[in-house]
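Chemist: Supplied in structure tokens, the structure appears directly below.
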Amino acid sequence: MIGFERTIRKFLLYLVFTFLTFTYFTFYGMMAVGLTPTQHMAAIISSAFYSLWNLFSGFLIPKSYIPSWWIWFYYICPVAWTLRGLISSQLTDVETIIVTEGFKGLVKEYLDLHYGFNSEMIGISAVVLIGFSLLFSGAFMASIRFLNFQRR
């Protein structure tokens with residue numbers, strides 16, 4: 001519906017990045033519940049992080065406009081790596097000419113110039129997302145093993 005090319009490679013990459021995104025969000029929720037004493041506190045903390053992740057993902061505020069003292073958060077934001085992987089896998093080889101305010105050129109040139117997205121980052125994005133899933137699941141496992149919030 002949004003004009004993705006119908007190739008098996010792009011379809012499989014889309015499925016990989018969607019699966020990895022659902023996986024790290026699930027493990028993050030499990031980790032938040034495991035690290036906090038109540039599910040209500042986990043919901044509050046998760047909501048705060050979801051808002052920060054969306055703000056610094058590079059979609060609402062492109063990477064080039066994020067202040068230098070906040071750029072570190074862009075690199076540790078899992079949603080930023082999801083967007084980088086999805087957009088890079090689907091659009092960095094599109095050679096359609098676009099005209100925007102101050103730019104006339106190919107879609108792939110626009111993505112590289114304004115967002116820094118290119119096809120070289122697809123594999124790195126997948127590995128980083130796997131790393132986030134492992135980090136969140138490991139933190140969840142450690143929390144249920146070592147933390148005990150029961151009162152006697």
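The values are calculated or read from the model by the stated rules, or taken from the named source; none is laboratory data. All values reported here derive from a predicted model rather than from experimental measurement. Methodologically, a virtual Cβ is constructed for each residue, glycine included, from the backbone with ideal geometry; neighbour enumeration extends over all protein chains shown. Just so you know, the surface numbers come from the protein's heavy atoms only, side chains and all, with ligands and any DNA or RNA stripped out. Shrake-Rupley method; radii C 1.70, N 1.55, O 1.52, S 1.80 Å.
Chemist: Would you point out which residue out of GLY34, GLY105, GLY29 is free of Cβ contacts under 8 Å to residues at least 12 places away in the same chain and not β-branched (Val, Ile, Thr)?
Modeler: GLY105
Chemist: Examine the stretch 77-86 for a residue that is within 17 Å of the chain's Cα centre (by Cα), farther than 20 Å from VAL128 by Cα and of a type in the set (Ser, Thr, Tyr), and state whether such a residue exists. If you could, list the steps in order and put the result at the bottom.
Modeler: If we filter the stretch 77-86 for residues that are within 17 Å of the chain's Cα centre (by Cα), which is where we start, we get 77-86.
Of the ones still in play, those that are also farther than 20 Å from VAL128 by Cα are none.
Taking every residue of the stretch 77-86 in turn, none turns out to be within 17 Å of the chain's Cα centre (by Cα), farther than 20 Å from VAL128 by Cα and of a type in the set (Ser, Thr, Tyr).
Chemist: Another question, then. Which is surrounded by 14 or more Cβ atoms within 10 Å (Cβ to Cβ), under 25 Å from the mean Cα position of the chain (by Cα) and farther than 25 Å from LEU15 by Cα, of SER143, SER119? Write out each step before concluding.
Modeler: Working: SER119 fails: farther than 25 Å from LEU15 by Cα.
The conditions single out SER143.
Chemist: Within the stretch 38-50, how many residues are open to solvent by less than 70 Å² (accessible area, probe 1.4 Å) and closer than 24 Å to PHE22 by Cβ?
Modeler: Of all residues in the stretch 38-50, those open to solvent by less than 70 Å² (accessible area, probe 1.4 Å) come to 38, 42-43, 45-48.
With closer than 24 Å to PHE22 by Cβ added as a condition, the list becomes 42-43, 45-48.
Adding up the residues that qualify gives 6.
Chemist: Please state which of the following conditions ALA126 fails to meet, knowing it meets all the rest: (1) within 17 Å of LEU12 (Cα to Cα); (2) open to solvent by 30 Å² or more (accessible area, probe 1.4 Å); (3) not charged (D, E, K, R).
Modeler: Going through the list (1) within 17 Å of LEU12 (Cα to Cα); (2) open to solvent by 30 Å² or more (accessible area, probe 1.4 Å); (3) not charged (D, E, K, R), ALA126 breaks only (2).
Chemist: On to the next question. Among the residues of the stretch 1-48, which ones are of a type in the set (Lys, Arg) and over 30 Å from THR96 (Cβ atoms)? Spell out the reasoning first.
Modeler: Residues of the stretch 1-48 that are of a type in the set (Lys, Arg), as a first pass: 6, 9-10.
Of everything in the stretch 1-48, nothing turns out to be of a type in the set (Lys, Arg) and over 30 Å from THR96 (Cβ atoms).
Chemist: Considering only residues that are of a type outside the set (S, T, N, Q) and open to solvent by less than 70 Å² (accessible area, probe 1.4 Å), look in the stretch 26-36 and name the one that is farthest from the chain's Cα centre (by Cα). Before you say what the answer is, go through the steps one by one.
Modeler: Taking the stretch 26-36 first, the residues of a type outside the set (S, T, N, Q) are 27-35.
Subset that is open to solvent by less than 70 Å² (accessible area, probe 1.4 Å): 27-32, 34.
Working: PHE27: 14, TYR28: 12, GLY29: 15, MET30: 18, MET31: 17, ALA32: 18, GLY34: 22 Å.
So the residue we want is GLY34.
Chemist: Could you check, for the stretch 51-59, whether at least one of its residues is surrounded by fewer than 12 Cβ atoms within 10 Å (Cβ to Cβ) and more than 14 Å from the chain's Cα centre (by Cα)?
Modeler: Let us first name the residues in the stretch 51-59 that are surrounded by fewer than 12 Cβ atoms within 10 Å (Cβ to Cβ), namely 51.
Keeping just the survivors that are more than 14 Å from the chain's Cα centre (by Cα) gives none.
Within the stretch 51-59, not a single residue is surrounded by fewer than 12 Cβ atoms within 10 Å (Cβ to Cβ) and more than 14 Å from the chain's Cα centre (by Cα).
Chemist: Quick one: is GLY85 among the small types (Gly, Ala, Ser), at pLDDT 90 or above and farther than 17 Å from LEU15 by Cα?
Modeler: Working: among the small types (Gly, Ala, Ser): yes; at pLDDT 90 or above: yes; farther than 17 Å from LEU15 by Cα: no.
Considered against the rule, which asks whether it is among the small types (Gly, Ala, Ser), at pLDDT 90 or above and farther than 17 Å from LEU15 by Cα, GLY85 comes out as no.
Chemist: For the stretch 89-108, what are the residues that are open to solvent by 90 Å² or more (accessible area, probe 1.4 Å), modelled with pLDDT of 90 or more and not β-branched (Val, Ile, Thr)?
Modeler: Once the filter is applied, which keeps residues that are open to solvent by 90 Å² or more (accessible area, probe 1.4 Å), modelled with pLDDT of 90 or more and not β-branched (Val, Ile, Thr), the stretch 89-108 yields only LYS104.
Chemist: Same structure, new question: Among the residues of the stretch 5-24, which ones are closer than 14 Å to TRP81 by Cα, in contact (Cβ under 8 Å) with a residue 40 or more places away in the chain and open to solvent by 80 Å² or more (accessible area, probe 1.4 Å)?
Modeler: TYR14
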